[in-house]
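To keep things clear, I will list the structure first and then write my remarks on it.
What follows is calculated from the coordinates using simple rules that are stated; it is not laboratory data. Bear in mind the structure is a predicted one, so any value in this text is a computation, not a measurement. We place every Cβ from the backbone using ideal geometry, glycine too, and count neighbours over all the protein chains shown.
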Amino acid sequence: MGRIRVLPDAVANQIAAGEVVERPASVVKEMLENSLDAGATAIRVEAESGGRRLIRITDDGHGMLRDDAMLAFERHATSKLSSLKDLQSIATLGFRGEALPSIGSVSRLTLETRAPEETTGTRVEIQGGKMIKCEEAALAAGTILTVRDLFFNVPPRKKFLRSDQTELAHIASLVTHYSLAHPDKTFELHHDYRELLHVTPVGTVRERVFQVFGAQVLDDLIDLGLREVELKLPPPHPHAQEVAPEDLVRPFLLRGFVSRPQVQKYNRSSIYLFVNGRLIKDRLLLHAISAAYYNLMPPGAYPFALLFLDCDAEEVDVNVHPSKTEVRFRHSSFVHDFVRDAIRGSLMEARPASELPLAETQRPQAGAVLPYSEFTQTMENARLELPEWRSVVPEPTAGALGVGEADLPLFMGRAAPSGDFLPPAAAAPVAPSVDVAPSRLKVPNHHGGAPDGVQLDGMPSLDVLKDLRPIGQLHESFIIAAGRDGLWIVDQHVAHERILFEQVLKQRAAGRLEKQQLLIPMVVELTAGQQIEYARIADELGASGFESEPFGNRTIAIKTAPVDVKPGQIERILFEILEVAERELRGASLDELRRNIAASIACQAAIKINMRLDQTKMDWLLARLAECEYPTNCPHGRPIALRYSTREILKGFHRI
Ligand code: ADP
Ligand code: MG
């Protein structure tokens, strides 16, 4: 007798479950997708003990017919796909027919379902993969799936689960994700009988973002609008089958929101990606986002992004992994560049500036309250060593939710902040003997309200830069300027850095970099590592103004330098470029290398802080800054200008 056997179904299902069901949130994901595929308009998720004890998902979708309810637990039983050809153009979220049998094999599961066309429904009970009951039941149309004691029969799996709060965080993140992708549907999440999320149908993603994250976050986001690009396929081989001309054009659509560069997160957990409505994790798209923010954010910082990419189903392969969270694009570099340019274009158009940071209690920074994302987090844990999840600003406490762990999604905090806002008088009784409370006296009329003609607009925009009037310097480092929308503070060093950076890049692109011939070539000694890098990038260095030639062993002679660079700075710039090249740019594109060289030149050659500037110099600097394509941040991502808005000033003086 041979040695090979076909595994019994129960074993095969448990093996499949290993890939499909990693934790309670995976169950929630599969079930949410099933409910959406079933056309549900309202989905309710309940969990107990982080989903270990119970997960229940109730939907109002088209339910299942009696026979189907049993068949659904067979491996590879699906109503969504019938031929190989369908696989190339899947319009549903599910298609592998693996989820229900997998989940059924590692839990005690009850399925209650009724199709509207049947008068009674069906209840099926499965325990550890065995069907123990199947009966008729009086049920509302739709489906209720209850999963109890996940992994009760797979103790090693159970051991890998984290705390209830962490598991709940993953579940909450998923429900949030899907609620963002489907603003026209109701989503509810309850944990241990507490409501954590409840959003009702709205007309736009924007309104849904507001429901989930609140106005504060929305203020910090830039709407991409609808970006569209067409990929033109080459005409087929003359002998190949006839192809209709419209089939040779593949449209790609991108919608969504990205944060202003000032919102900086320390990992990718606030990046939400959907491709054709499917929640995915994808290195290519993550890279495209980073590339869009290149030189606008410090290295290691990430934005918030909620992106919906839609394309022809044939352009993307979703059948890459059983959990269906990975995809493969057919024309990956096209997609990458489209997403990068669309985001970058929106950032440029918005030209967003920073507000002067106010006290935390008055203005919690967006991004701090954004939820944890299972997908991106798992990926980071696996492949990147990044610092613990933390926001730029301290986390608001999760106390109001009754769950305290730092990695909990905090979006539910949209309800009133936990400490009730009491008027100051009620909060702290005024000491009777001191009469220093002028704010309590009636304000006389001649104090006036707001000055005439002030502008109280919302998000600060660097479009006002061209109208700024410099008033003077603070600490000989920051230019103070009056603008129509408030008071501006400009960091003179980073402002000049940005100006030089763009100038060098522009001249480099046009192939006419202004450079100076050095009277005596400068001889620089390199280490072995630097020597290797130098050999690699010498041509690009030359084109960026540093012409050089080898000068004996590990020594080079530099003959020219860009105009703005002083001879004393040459060596430092060169070393910086070589170091960055070695550290970061292996395998980086030529474009990135160029940007890095330009950034190094700009940083060294720019006006320093602690330097007095006269009026003409300040005027010149602001005028040049206004002409920059992206005057928001220095090439390393620090903000250039801060605005103290007229509104805040008026508020501070109690004039509004
Ligand atoms: P897939 O989603 O890949 O088809 P599943 O194992 O997740 O596989 O589900 C099997 C089948 O059960 C689905 O194809 C669908 O017909 C049916 N089904 C599952 N969940 C629901 C639901 N909530 N409402 C209606 N039908 C469902
Ligand atoms: Mg499914």
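Setting aside same-chain residues fewer than 8 positions from residue 265, which aspartates and glutamates have a Cα under 18 Å from its Cα?
Straight-line reach from residue 265, under 18 Å: 219, 220, 355, 360, 374, 380, 385, 388, 395, 407.
Out of residues 5 or more away from residue 305 or on other chains, whose amide H comes under 5 Å of its own, with H placed 1.01 Å from N in the peptide plane?
So residue 305 has HN proximity to 271, 272.
So what is Rg over Rh here for the range 25-149, counting just Cα atoms and using Kirkwood for Rh?
With Rg and the Kirkwood Rh in hand, the quotient comes to 0.95.
For 66, 554, 583, 508, what ranking results if the residue with the fewest other Cβ atoms within 10 Å of its Cβ goes first?
583, 554, 66, 508
Output wanted: per-residue J couplings in Hz (rounded whole) for the range 463-471, from phi through Karplus 6.51 cos²θ - 1.76 cosθ + 1.60, θ = phi - 60°, x for Gly and Pro.
For the range 463-471, the Karplus-derived couplings read 4, 6, 3, 5, 9, 5, 10, x, 9 Hz, x marking Gly and Pro.
I'm checking a number: the convex hull volume of the Cα atoms of the range 80-210, normalised per residue, in Å³. What is it?
177
For residue 196, enumerate residues with amide H under 5 Å from its amide H, sequence gap 5+ or separate chain, H modeled in the peptide plane.
189, 190, 191
Listing 218, 168, 189 from the residue with the fewest other Cβ atoms within 10 Å to the one with the most, what is the order? Write out the running numbers ahead of the final one.
Values: 218 16, 168 28, 189 25.
With the fewest neighbours first, 218, 168, 189 line up as 218, 189, 168.
Could you give the size of the charge dipole of the range 31-142 about its Cα centre, using +1 on the Cβ of each K and R and -1 on the Cβ of each D and E, expressed in debye and rounded to the nearest 20? Mind showing how you got there, number by number?
Numbers: 14 positive and 17 negative charges, 89 e Å.
In total the dipole reaches around 420 debye.
Read phi for every residue in the range 109-114 and hand back ³J(HN,Hα) as whole Hz from Karplus 6.51 cos²θ - 1.76 cosθ + 1.60, θ = phi - 60°, with x for Gly and Pro.
These are the phi-based 3J(HN,Hα) values: 10, 10, 10, 10, 8, 9 Hz.
Near residue 632, within a Cβ-to-Cβ distance under 9 Å, what is the net charge of the other residues, with Lys and Arg +1 and Asp and Glu -1?
Net of charged neighbours comes to +3.
May I ask for log10 I(q)/I(0) of the range 572-638 at q = 0.11, 0.13, 0.17, 0.28 Å⁻¹, from a Debye sum over the Cα atoms as equal point scatterers with solvent left out?
Those come out to -0.35, -0.48, -0.75, -1.28, one per q.
Can you give the direction-averaged projected area of the convex hull of the alpha-carbon atoms in the range 168-234, in nm²? Could you put the intermediate results ahead of the total?
Numbers: hull surface 26.6 nm².
Spelled out: convex hull of the Cα atoms, projected over all directions, averaged, 6.6 nm².
Across the range 470-557, how large is the tail of the calculated P(r) beyond 20 Å, expressed as a percent of all Cα pairs?
Percentage above 20 Å: 58.
Along each principal axis of its Cα atoms, how long is the range 514-637 end to end? Whole angstroms, biggest number first, please.
50, 35, 25
Measuring from label point to label point, each 7 Å out along Cα→Cβ, what is the residue 512 to residue 230 span in nm?
3.7
Taking H placed 1.01 Å from N in the peptide plane, check which residues at least 5 places from residue 42 or on another chain put their amide H under 5 Å from its amide H.
Amide H to amide H, under 5 Å and 5 or more residues apart or across chains, residue 42 pairs with 60, 186.
On a 26 Å Cα-Cα criterion, which of the cross-link pairs 506/608; 515/617; 466/566; 29/158; 133/281; 466/608 come out too long?
Result: 466/566; 133/281 exceed 26 Å.
Give the aspartates and glutamates reachable from residue 130 as a straight Cα distance under 12 Å; neighbours fewer than 8 places away on the same chain don't count.
Hits, sequence-local ones excluded: 9, 74.
In whole Hz, what ³J(HN,Hα) sequence does the range 182-191 give by Karplus (6.51, -1.76, 1.60; θ = phi - 60°), x for Gly and Pro?
10, x, 7, 10, 8, 10, 10, 9, 10, 10
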